[in-house]
Amino acid sequence: MFGEKTLSNSELLAIIIKTGTKEQTAIGLAQNILAINPNKEIRSLQEISLQDLKKIKGIGRVKAIQIKAVCEIAKRMKMPLSLNTVIKTPKDVADLLIEELRYEKREIVKLLILNTKNVVRKILDITVGEESSARINIKTILEETLKTGMTKFILVHNHPSGNCNPSNEDIETTKNIENASKIVGLQLLDHIIIGDGTFYSIYANQTKDK
């Protein structure tokens, strides 16, 4: 049986690279790229930056952009249509954003605004932070939600480390946002933390602990 499914990771990547150099074939270049993080093999392409790809002999700017473009296409193909999604469980939220956030090198805070039937009507990036932290502006969250005329919202942010367990600051920030939202008639439904293929619901785990 022949076809793309029979190709190795390096052979698939070589098709994107197209041509090699005088010293190496396209497959050889592909193997060099995958060797950067051998434990993750093909998945490592999502994490390798454009600059790091260009450091590999034989991979210029055009080839590097082509590789990252294919990675972005693959990531977007895994993303479900986010708007008009009904949220019933924390997993529903994670499914919307896990592929987008799991490979991010910086913490990103997203605001999901829902209508009375828990249907997602708007998704906003609230903060793009650093590798280990992102400052959450409570005022911005409340203002953006109030602008829509809706009252329910969910916060989502990622941990670039891949560990989705909340920090003490995550827990404290969630409490502060919850208290502030009640004052202006809004309802925080949950705060979800995304790791590398994993997620943590602060509200669901609070319920378990009670």
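The values are calculated or read from the model by the stated rules, or taken from the named source; none is laboratory data. Quick caveat, the model's predicted, so the values are computed rather than measured. Positions of Cβ are generated from backbone atoms using ideal geometry, with glycine treated the same way; all protein chains shown enter the neighbour counts.
Has region 106-113 got any residue that is over 25 Å from GLN46 (Cβ atoms), surrounded by 13 or more Cβ atoms within 10 Å (Cβ to Cβ) and modelled with pLDDT of 95 or more?
At the first step, the residues of region 106-113 found to be over 25 Å from GLN46 (Cβ atoms) are 113.
Right, trim to surrounded by 13 or more Cβ atoms within 10 Å (Cβ to Cβ) and you get 113.
From what is left, the residues that are modelled with pLDDT of 95 or more are 113.
Taking every residue of region 106-113 in turn, at least one turns out to be over 25 Å from GLN46 (Cβ atoms), surrounded by 13 or more Cβ atoms within 10 Å (Cβ to Cβ) and modelled with pLDDT of 95 or more.
What is the number of the single condition among (1) assigned to a strand (DSSP E or B); (2) within 17 Å of ALA94 (Cβ to Cβ); (3) not charged (D, E, K, R) that LEU124 does not meet?
Every condition holds for LEU124 apart from (2).
Yes/no per residue for (1) under 29 Å from ILE98 (Cβ atoms); (2) surrounded by 15 or more Cβ atoms within 10 Å (Cβ to Cβ); (3) outside the structural domain of GLU104 (by TED's automatic domain parsing):
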{"residue": "ILE16", "(1), (2), (3)": "yes, yes, yes"}
{"residue": "ALA26", "(1), (2), (3)": "no, yes, yes"}
{"residue": "LEU29", "(1), (2), (3)": "no, yes, yes"}
{"residue": "ALA35", "(1), (2), (3)": "yes, no, yes"}
{"residue": "ILE42", "(1), (2), (3)": "yes, yes, yes"}
{"residue": "ILE48", "(1), (2), (3)": "yes, yes, yes"}
{"residue": "GLN51", "(1), (2), (3)": "yes, no, yes"}
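Quick check on region 183-191. Is at least one of its residues crowded, with 21+ Cβ neighbours inside 10 Å and touching a Leu at 6+ places or on another chain (Cβ under 8 Å)? Break it down stepwise before answering.
Keep residues of region 183-191 that are crowded, with 21+ Cβ neighbours inside 10 Å, which gives 188, 191.
Of the ones still in play, those that are also touching a Leu at 6+ places or on another chain (Cβ under 8 Å) are 188, 191.
Scanning region 183-191, I find at least one residue that is crowded, with 21+ Cβ neighbours inside 10 Å and touching a Leu at 6+ places or on another chain (Cβ under 8 Å), so the answer is yes.
Restricting the search to region 155-182, which residues are surrounded by 16 or more Cβ atoms within 10 Å (Cβ to Cβ) and either of a type in the set (Ser, Thr, Tyr) or assigned by TED's automatic domain parsing to the domain that holds ARG43 (or both)?
Scanning region 155-182 gives THR173, THR174, SER181.
Mind checking which residues of region 125-158 are within 21 Å of ILE171 (Cα to Cα) and of a type in the set (A, V, I, L, M)?
ILE126, VAL128, ALA134, ILE136, ILE138, ILE141, LEU142, ILE154, LEU155, VAL156, listed by residue number.
Which residue pairs have Cβ atoms closer than 7 Å, lie 6 or more positions apart in sequence or on different chains, and pair a first residue in region 163-187 that is assigned to a helix (DSSP H, G or I) with a second residue that is at pLDDT below 95 and surrounded by fewer than 18 Cβ atoms within 10 Å (Cβ to Cβ)?
From region 163-187, the pairs are ASN176/ILE138; ILE177/ILE138; ALA180/ILE138.
For region 156-178, name all the residues that are aliphatic (A, V, I, L, M) and out of contact with any helix residue (DSSP H, G or I) (no Cβ under 7 Å at 6 or more places or on another chain).
None; the set is empty.
Tell me which of these ASP196 doesn't satisfy, since it passes every other one: (1) touching a Lys or Arg at 6+ places or on another chain (Cβ under 6 Å); (2) closer than 19 Å to MET150 by Cβ; (3) assigned to a loop (DSSP other than H, G, I, E, B).
(2)
Restricting to region 127-154, what's the tally of residues that are surrounded by 13 or more Cβ atoms within 10 Å (Cβ to Cβ) and in a strand (DSSP E or B)?
4
Looking at region 28-43, can you tell me whether even one residue there is modelled with pLDDT of 90 or more, among the small types (Gly, Ala, Ser), under 19 Å from the mean Cα position of the chain (by Cα) and in a helix (DSSP H, G or I)?
For region 28-43, residues modelled with pLDDT of 90 or more, among the small types (Gly, Ala, Ser), under 19 Å from the mean Cα position of the chain (by Cα) and in a helix (DSSP H, G or I): absent.
Exactly one condition in (1) in contact with a strand residue (DSSP E or B) (Cβ under 7 Å, 6 or more places away or on another chain); (2) closer than 16 Å to LEU96 by Cβ is not met by GLY197; state its number.
It fails just one condition, (1).
For region 114-132, give me the residue count where each residue is acidic (Asp, Glu) and modelled with pLDDT of 90 or more.
So the answer is 1.
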